[in-house]
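For reference, the structure is listed below as structure tokens.
Every number here is computed from the coordinates shown, using simple stated rules; none is lab data. Everything numeric here is computed off the predicted structure, so don't read it as measured data. Virtual Cβ from ideal backbone geometry, glycine too; neighbours counted across all protein chains shown.
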Amino acid sequence: MRIDKEHVHSTNEKYLQRHRSSFQELAERLEYSGIDVEGVISEMASFRVAIPSWALGAGGTRFGRFSFGGEPATLHQKLDDVAIIDALTSCASAISLHIPWDIPEDASATAAYAASLGIEFDAVNSNTFQDQLGQNHSYKFGSLCHTEKAVRDLAIEHTLEVVRTGDALGSKSITIWLADGASFPGQMNFRRALDHTRDSLQRIYREMPEDWKMLIEYKPYEPNFYATVINDWGTSYHLAQSCGERAFTLVDLGHHLPNTNIEQIVATLAGLGKLGGFHFNDSKYGDDDLTVGSVKPYQLYLIFCELIEWMKTGGEEPAWMIDASHNLKDPLEDLIQSLEAIQTALAKALILDTATLDKKQLQNDPAMCQEILKDAYETDVRPLLREVRLRSGAALDPITAYRELQVRHHLIRERGSTTRATGL
Ligand SMILES: [Mn+2]
């Protein structure tokens, strides 16, 4: 199924008048406060978030997987799904693949197909947390950190193969998340595991194409429950430093212990010039993979305030991706909701009065600093989001349009009700 602009336009018509008056009201109020509304709109219009290929099917848990109809069974169908999301939201024109779940049969045909849909390939992701069929060494006790050189070599070769696959598609970066660690005290020599990991990453880094970036993800626990080799941002930062200037840390919102001050980590990494990528999701307890902004929207806003401040002072924009996978909702609806939450946080950070905030920070006036932060946060920015989408030919209200166009119904009719996406 393809969604063309006329389809979208037809769903917008009946909401147009109401939108115009609510947007005008908001724009006037923001202009009155000295905000350049057109500037905010153009910043938002150029903002793009990559969709992970594994989020397009039903997500599994270790207890069960509840499928739904019309899941994308092929890589091209996954690209079709991303194009649907992009047509409705105008901010999702990139996909992030997971190898070996998404190996293209013919890379140039896949690249051409993606280009015909206006979809680009964002960072590719390696997988050394599962053994593949016929693999002659096991990752059971780690991959890049493994005690045996043969296993490390296999993991390095796999990662380089992922880079080659991505390169053939036009991708320019690899995200490395390692499940490596230990579930029991004494099981692993910490220093040896870190040394092996650093040596392995350096070898991968040296063999990557010169215009590629390496993004190193961290996570405190799971699947190992005693120690993870790359457990926090400091370890990731150290590894990125030891690889070189094209290696960066990637922050995944769900990869922190409860109550960690993620916005401060973001600011620190940005200041160090090592914030390379960002994975959005939300959580209540751990790496819960919940819809972005569904549990802690204020935290998301505070993170965006740091990111925007960084980018306004000339900092390089990190790679943005949603990293969540679901068991209950239609994943396309869930991704649309996540994008809405991300854009909402972005818009609120863009209308923040940073000049006055800075002044009040210098005067050590915490009450007024909070007032300024809250003023932007409590502004209903939905008319701004709708205006951005309207101007790019997307849907005023993407989820309503998704339902009105009966997208899932059409996908089930085309693909059947028992297809299954590769992935978790
Ligand atoms: Mn992630």
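So what's the projected area for the stretch 19-120, the Cα convex hull averaged over all directions, in nm²?
9.8
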With the chain reduced to its Cα atoms and the Debye formula applied, log10 I(q)/I(0) at q = 0.10, 0.11, 0.14 1/Å amounts to -0.71, -0.86, -1.35
Over the stretch 304-424, what is the mean sequence separation of C-alpha contacts under 8 Å (at least six apart), divided by residue count, expressed as relative contact order in percent? 23
Estimated dipole of the chain in Debye, rounded to 20 [Cβ of Lys and Arg +1, of Asp and Glu -1, Cα centre]: 660
When the chain is modelled as a GNM with alpha-carbon springs shorter than 10 Å, which of Tyr218, Tyr113, Tyr15 fluctuates the most? Tyr15
Straight-distance crosslink candidates among lysines, where the alpha carbon sits under 20 Å from Lys140 and sequence neighbours closer than 8 are dropped: Lys149, Lys219
In the structure displayed, which of Lys172/Lys312; Lys312/Lys348; Lys172/Lys348 lie more than 20 Å apart, Cα to Cα? Lys172/Lys312; Lys172/Lys348
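I want the local charge near Ala270. Using Cβ-Cβ distances under 13 Å, sum +1 for each Lys or Arg and -1 for each Asp or Glu among the other residues.
-3
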Given that compact globular proteins tend to follow 2.2 N^0.38 Å, what is the ratio of the alpha-carbon Rg of the stretch 191-250 to that value? 1.11
Stokes-Einstein, Kirkwood over Cα pairs, the stretch 142-245, 37 °C, 0.692 mPa s; D in µm²/s equals 236
Distance between the C-alpha centers of the stretch 83-154 and the stretch 349-424? Whole Å please. 27
23 Å Cα-Cα reach of Lys5 towards lysines, excluding residues that sit fewer than 8 places from it in its own chain: Lys14, Lys78
How many angstrom lie between the C-alpha centres of the stretch 228-273 and the stretch 1-63? 30
